[in-house]
Structures are given as C-alpha cells and as structure tokens.
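**Student:** Sending over a structure as structure tokens; questions will come in a sec.
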Amino acid sequence: METISTVDLKEVARQYEAAASRVHKRIVVCAGTGCMANGALQVYQSLKEAIIKAGMQEFAELELDVHDDTKKTIHLTGSGCQGFCAQGPLVNILPEETMYVKVRPEDADEVIERTIVRDEIIERLLYVNPVSGERNKGQLDIPFYKLQNRLVLGECGHVDPENIREYIAHGGYHAARKAFMELSDIDICNTVSESGLRGRGGGGFPTGRKWNLTRTEPSEKKYVICNGDEGDPGAFMDRSLMEGNPHRVLEGMMIAARAIGADEGYVYVRLEYPLAVKRMRKAIEDALDAGVLGEDVFGSGHSMFIHVMEGAGAFVCGEETALMASIEGKRGMPMPKPPFPAQKGLFGKPTVINNVETLSAVPLIIRHGASWFNQHGTTNSKGTKTFALTGHVANTGLIEVPFGTTLREIVYNIGGGVTDNDGKVTHEGFNAVQIGGPSGGCLTEEDLDLPLDYDNLIAKGAMIGSGGLVVMNKQSCMVQIARFFMNFTQNESCGKCVPCREGTKQMLALLDDIIEGRATDETFELLEEVGNVVKLASLCGLGKTAPSPVLSTIVKFKDEYLQHIRYKHCPTNNCKALRSISIDPEKCIGCTACARKCPVKAISGDKKQLHVIDAAICTKCGICFEVCKFDAVVGFN
C-alpha cells in the first residue's frame with residue numbers, strides 16, 4: 001500500500017467507495033468472540049462455498065480494479081461484535097439491512113439462494129421480539145438496536161476490523177491527521193476539555209484535564225497507555241471495541257500522544273483476549289505499512305510508535321500504577337500516589353493512561369467538535385456510555401446509551417424485560433442490578449427511573465465502573481451475589497496492603513457463616529465494620545471499592561441478611577445449608593427411587609409407604625429432588 005503520507009486520505013476513501021459501488025450485495029458475518037464461539041467462522045466458510053456454488057464472484061477484501069462485470073459481486077466479510085450476543089451468530093445483508101440471527105452453517109445455501117439470488121426474506125431466521133412475538137427484519141426495526149445511540153460503537157459490526165482502507169473510507173484517521181497537522185497541543189486539550197469527556201474506566205476523571213496535566217510536565221520522553229485490562233465479571237465493552245474497531249483505538253492514542261507530546265504508546269490487553277490482541281497487532285502493522293504510524297506521521301515531523309503488551313490476567317493490573325509496573329516487567333502491584341502518572345509514570349516519565357472506550361471517543365470529538373459531543377448526556381456526564389448487559393434479561397449483549405438514560409429503559413425496552421430462571425420474560429421479576437462490577441454496587445426497583453450518570457450513582461452508593469450491568473430476578477439470593485463478588489476480589493487481591501489482603505478474607509469468611517447458618521447478629525455488625533475499614537484503609541482504588549457490593553446489599557437488602565442470620569432461612573432457597581428438605585405425604589407413593597439414589601442413606605421408608613428424610617444426615621445435595629417423578633420432594637425450589 002502506498003503510504004498515507006503521500007496519498008490524501010480522501011483519495012483512499014474515494015477509491016474504496018468506488019470499489020464498493022460495484023458490489024451487488026454485502027454479507028457481514030459477526031466475528032466477535034461471542035459469535036465465533038457459537039460457530040460464526042463455520043457460517044462464514046459455508047456462505048463462501050455457497051456463493052461460489054451459485055456462480056457469483058466473492059471478495060473477502062474489496063479489490064480496486066479487478067471486478068468481473070459478467071458476474072454478480074458479493075462482498076463477504078467479517079465484523080467485530082455487533083452487540084446482540086444472545087442471538088449469534090449474526091448475519092447482516094446489505095444494503096437491505098436484513099439481519100438473520102442464530103444462523104447455522106446448514107442455512108448458508110438457503111441464504112444465498114433465496115436472499116441473495118431471489119431477494120426473498122427467510123422469516124424463520126429473523127429476530128423474534130420476546131414480548132410482542134413479532135419478527136423484526138433488521139437493526140432498524142429491532143428495539144435492542146433502535147433504542148440505543150451508538151456513537152463509539154457505531155462502526156463496530158459494520159466495518160471490517162482488519163481492513164484499514166475501509167476504516168479510512170468511514171472517516172478514519174482524518175481526526176488524527178487534523179491533530180498532527182492543524183491543531184496545537186493546547187487546542188487538542190481544550191477541545192477535549194470542552195467536550196466534557198470523562199474517563200470511562202470507572203473513576204470518571206475529566207480527560208482533558210488529565211491530558212493537560214501531563215502536557216505541562218517538562219520531559220523529553222512521554223508515554224500514552226491504552227488500558228485494555230478489562231477484568232470485571234460480565235464486562236466485555238473494551239474487548240469488543242478492540243476486536244471490532246482497533247484502528248479507532250489507535251487513532252485515539254495518536255491524538256492523545258500529540259496532545260501531551262508523546263511519541264510512544266502501549267496497548268495493555270489481558271491474555272484472555274486473544275482475538276483483541278491479534279486484531280490490535282494487525283491494525284498496528286497495517287498503520288505502519290500505510291505510514292499512519294512510524295516516523296514523520298502525515299509529514300508532520302512528529303513520530304508515533306505503538307506496542308501491544310499482553311497482561312497475565314491479574315485484576316489488580318487494571319489499576320494504573322500496577323499496570324505500569326507490569327509493562328516494566330515487574331510484579332503488577334499498586335504504588336502510593338503522589339506522584340501521579342502524569343508526573344512520574346511509565347519508566348519514570350510523564351504518562352497518560354486512558355481506557356479503550358475513552359480513547360475511542362476522542363476521534364469523534366476532534367472530527368465533529370466538542371459541542372457535538374456534549375449535546376449528548378447530562379450536565380456533568382457528557383456523551384454516551386457502553387454497557388455489557390447480562391444476567392436475567394431477555395436481550396443480553398453490548399449496548400450504548402447517552403448518560404441520563406434510566407435503568408427502566410435499559411432493562412425493559414432495550415433489554416426486552418426480566419427473565420425467570422428458565423429464560424422466560426416475567427413482568428414482576430425484577431430484583432436488582434449490579435452495576436460497576438466488583439467495584440460497584442446494586443440498584444433496586446426504587447432506582448429503575450434513576451438517570452444513570454456518575455453523580456447519581458455515587459449518591460446511591462454505586463458507580464458506573466467500566467460498565468457491567470448484571471440484572472437479577474427475584475429468584476436471586478442477594479447474600480450469595482455479594483459473596484460472589486467478594487470471592488472474586490479476595491482472589492484477585494495483590495496482597496500488598498493488609499486491609500485488602502486480610503480484610504477481604506475476613507469478609508468472605510463472615511459471608512460464608514451467613515449462608516451456611518452459623519451467623520449471629522454480631523456477624524452482621526462485624527461484616528459491616530470490616531467492610532468500612534477495608535474501604536477506608538486500602539492502598540489502591542481496587543481495594544477501596546472491594547467492599548462496595550457487600551455494603552450496598554447490606555443497605556438495600558438488610559431484611560434478607562437478617563432472615564439468613566436470625567431465622568436460618570434463605571428467602572430464595574438458594575443457600576444449600578439453609579434449605580428445609582422434606583417429603584410431601586400427599587404426593588409420595590413409596591416408589592423408593594429417592595431412597596435408592598440418596599448417597600448418604602438419609603431417606604427411609606418401606607415400599608409403597610411414606611418416606612421420610614433424616615435432617616441430621618441429609619447433605620441437601622438435591623439428588624432426591626431430581627429423581628422423584630411425583631414432585632414429592634420439597635425445599636429445593
């Protein structure tokens with residue numbers, strides 16, 4: 001490829017668009033991690049074979065001058081995550097905007113024959129709305145998509161993440177060129193400040209202010225770091241952005257580097273994200289080949305080099321000082337502040353660290369202006385936020401909405417409603433949402449109409465965090481949910497400071513006492529006391545927020561805790577040790593199935609006579625419940 005420094009970006013875009021105009025149809029197969037795990041690559045290969053079998057010309061990457069006008073040209077390509085994870089593998093047909101869901105390799109011939117050749121829609125492959133039962137043709141009709149405002153995610157699922165020319169054709173690297181060739185470092189920092197962009201990694205610190213603090217530090221060497229160490233359970237926003245639009249991430253890093261005077265950057269990605277690592281590395285190679293990265297970027301006299309660093313998967317490396325230690329080859333452990341990274345960061349030099357989503361918003365701000373960006377959102381929380389919507393909700397996946405959107409809009413309209421444990425939509429099943437992962441807190445039914453932004457959530461004892469949203473129905477035990485997150489943070493504690501290392505261990509032990517029936521009122525008081533100590537005394541932000549899910553549920557679900565402690569009763573019957581197992585005398589026919597299968601011989605009774613369970617021996621394993629054909633065993637549901 002001829003270098004971009006000698007070829008105008010608009011000319012590259014014109015050439016690509018000219019080639020695209022000669023395409024009869026485009027088929028986009030979602031190649032994000034979720035869809036690939038469900039067989040998207042096999043679907044892609046089957047579609048390719050079906051196209052060739054039908055006598056059409058197929059291109060995985062558009063060539064500029066080699067189209068055979070005697071054949072219909074089909075542009076078959078993969079994309080990044082399209083967001084609708086529960087419905088994958090996804091296949092989009094353009095320009096008709098027809099989306100097929102849960103596509104299998106055996107559907108390929110029918111898709112090509114009916115939809116591509118005969119312009120017919122295959123009804124059975126369309127999305128079915130779980131509430132109305134209607135079938136929706138594509139993203140323009142599906143509530144999950146049309147109720148979002150996809151700015152940062154706008155090109156994910158549409159552009160080929162491994163094609164730099166297509167990214168340029170969609171306006172890519174135009175903002176970087178403007179930053180390097182037309183704007184000063186002060187201009188860039190001021191524009192980002194005026195936009196109101198705040199860090200999307202959890203803290204919400206104003207991005208422009210962070211950049212300006214680093215810009216004014218005297219140093220011949222500075223660094224930019226993209227924090228892609230996304231470790232929250234149920235969170236996959238940054239991963240999807242790196243997989244789906246890696247060039248946008250690089251462009252954001254370039255603009256940040258120009259703003260602070262850096263010439264080198266690192267993308268820190270956790271090892272568990274192999275596809276994100278692969279695509280980020282390919283994007284860097286293609287950008288270097290094109291002259292977008294390297295020496296004398298755009299002929300500006302400035303250089304920029306970016307490297308990919310794979311993290312070992314330690315949750316604590318999401319904290320910026322631990323992350324920098326990891327890049328330097330040291331054990332990833334946090335350091336006290338000050339000095340802050342803006343003063344003394346990577347290798348002792350001034351450093352800016354932003355997460356993937358924050359950097360991905362920057363090119364849009366430079367391209368469209370600060371006022372365009374800050375017209376979205378609320379007074380103190382500008383723009384949009386991506387969320388990973390998971391748990392007991394009909395439409396799980398990756399979404400993007402303006403700050404200020406209510407939880408009700410997300411759960412019931414975009415998410416399609418709360419589901420029971422069998423996956424069926426239930427209208428009165430909402431219990432809570434855990435927001436912000438292990439560092440966040442829970443919101444309840446009374447918070448459904450709360451506009452989600454940084455300030456409102458902090459006032460409720462929660463936080464935006466990285467953007468995980470785990471929906472829980474009324475069949476969820478909130479004490480067990482608190483224990484799940486505490487177990488995660490305790491396992492992930494780096495062990496450097498005593499409050500986090502020992503405090504989280506003691507909190508986990510106290511929670512175990514509660515769900516196993518050993519707790520007293522003193523246990524409850526001690527749990528809250530230790531949680532507050534860990535929150536106040538831990539060294540880094542991860543330790544300080546580790547007790548948040550527990551402290552939040554103590555406030556919101558105190559009665560549920562007290563039922564576990566005082567009455568040895570779990571309202572949802574999920575805590576195994578607190579179950580009261582018995583056999584219903586009206587339903588038991590004495591078939592002996594339960595007695596024969598019980599591993600500890602806790603069930604007795606003669607054939608065709610009522611059977612009984614010895615509570616002193618019973619381990620509450622549930623085998624009797626599973627084998628009973630007459631629903632006579634009660635206490636497990």
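**Student:** Look through the stretch 287-307, keep the residues that are without any contact (Cβ under 8 Å) to a residue 60 or more places away in the chain and outside any strand (DSSP E or B), and return whichever of them is surrounded by the most Cβ atoms within 10 Å (Cβ to Cβ).
**Tutor:** Ranking the qualifying residues of the stretch 287-307, first place goes to 293.
**Student:** Still on this structure, please answer the following. Please list, ordered by first then second residue, the pairs with beta carbon atoms under 8 Å, 6 or more apart or interchain, first in the stretch 215-231 and touching a residue at least 40 places away in the same chain (Cβ under 8 Å), second part of a loop (DSSP other than H, G, I, E, B) and of a type in the set (Ser, Thr, Tyr).
**Tutor:** 228/273; 230/273; 230/466
**Student:** Could you run through the stretch 562-590 and say how many residues are aromatic (Phe, Trp, Tyr) and under 18 Å from residue 445 (Cα atoms)? Walk me through how you get there before you give the answer.
**Tutor:** Start the filter on the stretch 562-590 by keeping residues that are aromatic (Phe, Trp, Tyr), which leaves 567.
Subsequent filtering for residues that are under 18 Å from residue 445 (Cα atoms) retains none.
Final tally of qualifying residues: 0.
**Student:** Among the residues of the stretch 359-366, is there at least one that is crowded, with 23+ Cβ neighbours inside 10 Å, of a type in the set (A, V, I, L, M, F, W, C), at pLDDT 90 or above and more than 15 Å from residue 193 (Cα to Cα)?
**Tutor:** No, the conditions are met nowhere in the stretch 359-366.
**Student:** Would you pick out the residues in the stretch 200-240 that are part of a helix (DSSP H, G or I), closer than 17 Å to residue 400 by Cβ and either at pLDDT 95 or above or of a type in the set (Asp, Glu) (or both)?
**Tutor:** Taking the stretch 200-240 as the starting set, the residues that turn out to be part of a helix (DSSP H, G or I) are 207-215, 237-240.
Right, trim to closer than 17 Å to residue 400 by Cβ and you get 237-240.
Correct list: 238 only.
**Student:** If I go through the stretch 601-615 residue by residue, how many of them are part of a loop (DSSP other than H, G, I, E, B) and in contact with an Asp or Glu (Cβ under 8 Å, 6 or more places away or on another chain)? Walk me through it before giving the result.
**Tutor:** Here is the first cut: in the stretch 601-615, the residues part of a loop (DSSP other than H, G, I, E, B) are 601-602, 605-611, 614-615.
This time we only want the ones that are in contact with an Asp or Glu (Cβ under 8 Å, 6 or more places away or on another chain), so: 602.
So the answer is 1.
**Student:** Now a separate question. Failed condition for residue 585, given (1) of a type outside the set (Lys, Arg); (2) surrounded by 13 or more Cβ atoms within 10 Å (Cβ to Cβ); (3) out of contact with any Pro (no Cβ under 7 Å at 6 or more places or on another chain), with all others met?
**Tutor:** Of everything listed in (1) of a type outside the set (Lys, Arg); (2) surrounded by 13 or more Cβ atoms within 10 Å (Cβ to Cβ); (3) out of contact with any Pro (no Cβ under 7 Å at 6 or more places or on another chain), residue 585 misses just condition (2).
**Student:** On to the next question. Of the residues 616, 593, which is of a type in the set (Gly, Ala, Ser) and exposed (fewer than 15 other Cβ atoms within 10 Å of the Cβ)? Walk me through it before giving the result.
**Tutor:** Working: 593 fails: exposed (fewer than 15 other Cβ atoms within 10 Å of the Cβ).
Going through 616, 593 in turn, just one is of a type in the set (Gly, Ala, Ser) and exposed (fewer than 15 other Cβ atoms within 10 Å of the Cβ): 616.
**Student:** Could you pull out the residue among 173, 145 that is within 26 Å of residue 246 (Cβ to Cβ) and not assigned by TED's automatic domain parsing to the domain that holds residue 276? So that I can check it myself, show each step before the final result.
**Tutor:** Details: 173 fails: not assigned by TED's automatic domain parsing to the domain that holds residue 276.
It is 145.
**Student:** A further question follows. Starting from residues that are within 18 Å of the chain's Cα centre (by Cα) and assigned to a helix (DSSP H, G or I), keep the ones in the stretch 142-176 and report whichever is farthest from residue 416 (Cα to Cα).
**Tutor:** 145
Conditions tested, residue by residue: (1) assigned to a loop (DSSP other than H, G, I, E, B); (2) in the same structural domain as residue 501 (by TED's automatic domain parsing); (3) at negative phi; (4) not charged (D, E, K, R).
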{"site": "255", "(1), (2), (3), (4)": "no, no, yes, yes"}
{"site": "266", "(1), (2), (3), (4)": "no, no, yes, yes"}
{"site": "272", "(1), (2), (3), (4)": "yes, no, yes, no"}
{"site": "276", "(1), (2), (3), (4)": "no, no, yes, yes"}
{"site": "285", "(1), (2), (3), (4)": "no, no, yes, no"}
{"site": "309", "(1), (2), (3), (4)": "no, no, yes, yes"}
{"site": "336", "(1), (2), (3), (4)": "yes, no, yes, yes"}
{"site": "344", "(1), (2), (3), (4)": "yes, no, yes, no"}
{"site": "347", "(1), (2), (3), (4)": "no, no, no, yes"}
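**Student:** Report yes if residue 74 is outside any loop (DSSP other than H, G, I, E, B), over 19 Å from residue 32 (Cβ atoms), among the aliphatic types (A, V, I, L, M) and modelled with pLDDT under 90, otherwise no.
**Tutor:** Considered against the rule, which asks whether it is outside any loop (DSSP other than H, G, I, E, B), over 19 Å from residue 32 (Cβ atoms), among the aliphatic types (A, V, I, L, M) and modelled with pLDDT under 90, residue 74 comes out as yes.
Here's the yes/no breakdown for (1) under 28 Å from residue 405 (Cβ atoms); (2) in the same structural domain as residue 299 (by TED's automatic domain parsing); (3) touching a helix residue (DSSP H, G or I) at 6+ places or on another chain (Cβ under 9 Å):
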{"position": "93", "(1), (2), (3)": "no, no, yes"}
{"position": "102", "(1), (2), (3)": "yes, no, yes"}
{"position": "111", "(1), (2), (3)": "no, no, yes"}
{"position": "114", "(1), (2), (3)": "no, no, no"}
{"position": "135", "(1), (2), (3)": "yes, no, yes"}
{"position": "157", "(1), (2), (3)": "yes, no, yes"}
{"position": "177", "(1), (2), (3)": "no, yes, yes"}
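**Student:** Same structure again: Only one residue in 409, 446 is over 21 Å from residue 550 (Cα atoms) and either at pLDDT 90 or above or acidic (Asp, Glu) (or both). Which one?
**Tutor:** Numbers: 446 fails: over 21 Å from residue 550 (Cα atoms).
Among 409, 446, only 409 is over 21 Å from residue 550 (Cα atoms) and either at pLDDT 90 or above or acidic (Asp, Glu) (or both).
**Student:** Out of 193, 219, 240, report the one residue that is of a type outside the set (A, V, I, L, M, F, W, C), closer than 30 Å to residue 490 by Cα and not assigned by TED's automatic domain parsing to the domain that holds residue 32. Break it down stepwise before answering.
**Tutor:** Numbers: 193 fails: closer than 30 Å to residue 490 by Cα; 219 fails: closer than 30 Å to residue 490 by Cα.
Going through 193, 219, 240 in turn, just one is of a type outside the set (A, V, I, L, M, F, W, C), closer than 30 Å to residue 490 by Cα and not assigned by TED's automatic domain parsing to the domain that holds residue 32: 240.
**Student:** State all residues of the stretch 424-447 that are over 21 Å from the mean Cα position of the chain (by Cα) and without any contact (Cβ under 8 Å) to a residue 60 or more places away in the chain; if no residue qualifies, say none.
**Tutor:** Within the stretch 424-447, the first condition is being over 21 Å from the mean Cα position of the chain (by Cα), and the residues that meet it are 424-431, 444-447.
Within the stretch 424-447, 424, 426, 427, 428, 429, 430, 431, 445, 446, 447 meet the criteria.
The values are calculated or read from the model by the stated rules, or taken from the named source; none is laboratory data. Remember, predicted model here, so these are calculated numbers, not experimental data. With ideal geometry, Cβ positions are generated from the backbone for all residues, glycine too; neighbour counts draw on all protein chains shown.
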